[in-house]
Amino acid sequence: MGLLGALNTALTGLSVNQRQLDVTASNIANADRAGYTRKTLQTSLRVDGQGRTLAVSAGSLSRLLNTEVQTQYRSSLSQQQYAQVSSDYFQYLDRLFATIDDPGSLSNTANDFSAALANLVGAPEDYPSRIGVVQQAERFASKLNSLSGQIQSQRQAIEFQLAESVDRVNTLLSNLQELDVEIIAQTAGGLSPVELLDERDRVVDELSGFLDIQVDQTENGGLRLTTTSGFRLYDVVPTRLSFDAHGSIDALSRYSKDPAQRNVGTVTLGGEPGQGLDLIGFGGLRSGSIAALIQARDVTLVDAQRQLDELAANLAQTFSTHEEPATPYVNGGVQTGYEFDLSKLAEGDSLSFSFKDLASGITKNVTLFRSDGPGAPDITKTSDPNDIYIGIDFSSGDYDTIAAAVQTALGSDPRIGNGVFAASNPDDPGPPATETSVLRLESASPGNFRIETAQSNISVDDPTQYADVFALFVDGDKGVFTGLKDGRPNIDGFASRIRVNRTIAQDPGLLVQYQPGIEAGDVSRPQAILDRFTQSDRAYTTGAKVGTRQSIYRGSITDFVTSTVAYTSNRAAQSAATSAGQDVVTNNLKTRFDEGSKVDVDQELGLLIQIQNAYQANARVLQAARELFEALLRV
């Protein structure tokens, strides 16, 4: 190599050394900056035909990162946020319902009411005992009102949080577009926009916390983002997300794919708020904090509200439902069935009977609800093979039509079978013959299917009519609660409407002396209502979540309260475990990613020493070249 060649190599080497120093210094200065990735300078040698080095040149800057681990981390981050937000709301419900250790818990509120009833049994003539029952009943109703209100307030808060999250996603997508424009321009100009790439990664990472996204690189260095379900979020330009937040949410507010039926906000892609592609309806949100918030608003908290509504409904009906035995019907000397007086049934009341399949020995229970329209209680949606609930439309007002509807409903239910029973509306033979309000229900084959018991379940408002039944709890100012109103279930939100009957509150003496002539110390009614509260066997719909579609949960009010609190506690524990597990996975992936991309200061300091040595070597070559030139000039 000639003197000029050595000089050129040293000069270009010094230039590269200076660039390397700048890059290394930048790495050390930004070592603690979130999202910063280690940068390296690409270098190359220029050689002659004989393989001798002519010059050293600096190339572009590159980032050290593992894109495969980065993709896994973003996916895990989305799942982590979903698990964390979901767990937060289960923990919230667990604290809301509380446990037996909390004096103000739902369980203790029910137990205190039960204790007040027991005190009344022990001292029915004692006025403070009577007042105590009313006070604890009001406390029970108030507790349900409060819990319902807090759940709906939480759903309202989520509505606004969703709006803020969607706004943030739109901001991030706009930021991504601005960064992409700069990155593409610099790349096309031969520059290495590594700092912009780091900033773009930070934007995408934040987006991953909100939504489950898939990231693809375009040919010119830009990005393309879609949800994992395939909906485009960004491709050159962002697709704007919208959320039409509703300012007032209550227990009746529900999401629906039908915009006319929907009364909560939805996330739409493109278009004006509420007008674009409904991502919720199309299943476009699978993980991330936005999907978790939607799940909490539309499922988790709705389920909790339904449990409260179920509790309130059964609490009210436990005290207000009178079981009136049906009249046995004998045909040809053989009892073949029973007769019910339909005129006594209010909407939501029911007829119930049990029958035994004599061949298999299986006994089944059937309940027929009166509805003044096409709607029926939700419990009719269950598929329990032995506890069968059916809605019957009474809106025609014609008892022959009603009997025909009963016949059709029983015959078309596969759990019963066609031709097992015969339902009819017999006329009064008179004279003269007149139409009756009687429903006659017979076994078509008493030798194979025997009706064991039958009764009418009638709601009672009058506190003076029966010893064991009266409406202690009512539906606000609408009177006795039956579960149906105008042909539709009205259980939703009942926990927010339940009240103590004003008549009882104003005259607690009715808890004992409900009719003239009853002694102040008579224990009959106090014992009856205590037994109803602690021992009545009630059926709860699938919405209560403590049973299944195949097996209805049955139990007393206290049983249901215990099961509900236990269910909430278990879900909270499960969600916390899931969230903790996802945290471990995400943190491990973050550690793996950082190990490959994060700056190691010790490593950079070692590299500085190497660069310094190279710099000194190149400087010595320059010094030697200068001395040689000076010597040549002196010749």
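Here are some notes:
- Verdict on D198 being among the charged types (D, E, K, R), part of a helix (DSSP H, G or I) and more than 30 Å from V299 (Cα to Cα): yes
- Only a single criterion out of (1) farther than 22 Å from V334 by Cβ; (2) open to solvent by 50 Å² or more (accessible area, probe 1.4 Å); (3) assigned to a strand (DSSP E or B) is not satisfied by G397, namely (3).
- Filtering segment 526-558 to residues that are among the acidic types (D, E) and closer than 25 Å to A376 by Cβ leaves only D537.
- Listed by first and then second residue, the pairs linking a residue in segment 523-543 that is under 14 Å from T321 (Cα atoms) to a residue that is among the small types (G, A, S) and open to solvent by 20 Å² or more (accessible area, probe 1.4 Å), with Cβ atoms under 9 Å apart and 6 or more places separating them unless they lie on different chains, are A528/A467; F533/S114; A539/G547.
- Any chance S569 is over 25 Å from L472 (Cα atoms) and open to solvent by 30 Å² or more (accessible area, probe 1.4 Å): yes
- Residue list for segment 437-460, restricted to those being touching a strand residue (DSSP E or B) at 6+ places or on another chain (Cβ under 8 Å), of a type outside the set (A, V, I, L, M, F, W, C), open to solvent by 30 Å² or more (accessible area, probe 1.4 Å) and assigned to a loop (DSSP other than H, G, I, E, B): P446, N448
- The set of residues from segment 13-29 being open to solvent by 30 Å² or more (accessible area, probe 1.4 Å), at pLDDT 70 or above and of a type outside the set (A, V, I, L, M) comprises S15, Q18, R19, D22, S26.
- Breaking point among (1) crowded, with 20+ Cβ neighbours inside 10 Å; (2) in contact (Cβ under 8 Å) with a residue 24 or more places away in the chain, for T558: (1)
- Output for segment 226-249, where each listed residue is out of contact with any strand residue (DSSP E or B) (no Cβ under 7 Å at 6 or more places or on another chain) and surrounded by 14 or more Cβ atoms within 10 Å (Cβ to Cβ): P238, R240, D244, A245, H246, I249
- Restricting segment 250-270 to residues that are in contact (Cβ under 8 Å) with a residue 40 or more places away in the chain and open to solvent by less than 30 Å² (accessible area, probe 1.4 Å), the residue that is farthest from D167 (Cα to Cα): A251
- The set of residues from segment 118-145 being under 28 Å from the mean Cα position of the chain (by Cα) and either over 27 Å from T568 (Cβ atoms) or surrounded by 16 or more Cβ atoms within 10 Å (Cβ to Cβ) (or both) comprises F140, A141, K143, L144, N145.
- Lone qualifier among E452, E435 - being of a type in the set (D, E), closer than 12 Å to G337 by Cα and touching a residue at least 12 places away in the same chain (Cβ under 8 Å): E452
- If the condition is being open to solvent by 40 Å² or more (accessible area, probe 1.4 Å) and among the charged types (D, E, K, R), then segment 582-623 contributes D583, K590, R592, D594, E595, K598, D600, D602, R620.
- Single residue of segment 410-424 satisfying the filter (crowded, with 20+ Cβ neighbours inside 10 Å and free of Cβ contacts under 8 Å to residues at least 60 places away in the same chain) that is nearest to the chain's Cα centre (by Cα): L410
- Qualifying residue in segment 167-188 (condition: in contact (Cβ under 8 Å) with a residue 12 or more places away in the chain, open to solvent by 40 Å² or more (accessible area, probe 1.4 Å) and not in a helix (DSSP H, G or I)): no
- The strands (runs of 3 or more DSSP E) found wholly in segment 303-362 and carrying at least 2 residues that are closer than 28 Å to G417 by Cα and open to solvent by less than 10 Å² (accessible area, probe 1.4 Å) occupy 334-341, 350-357.
- Which numbered condition T99 misses (of (1) farther than 27 Å from G606 by Cα; (2) buried (at least 20 other Cβ atoms within 10 Å of the Cβ); (3) at pLDDT below 80; (4) hydroxyl-bearing (S, T, Y)): (2)
The values are calculated or read from the model by the stated rules, or taken from the named source; none is laboratory data. This is a predicted model, so every value here is computed, not measured. Note that we place each Cβ from the backbone using ideal geometry, even for glycine, and neighbour counts take in every protein chain shown. We work out accessible area using only protein heavy atoms, side chains counted, and drop any ligands, DNA or RNA first. Shrake-Rupley method; radii C 1.70, N 1.55, O 1.52, S 1.80 Å.
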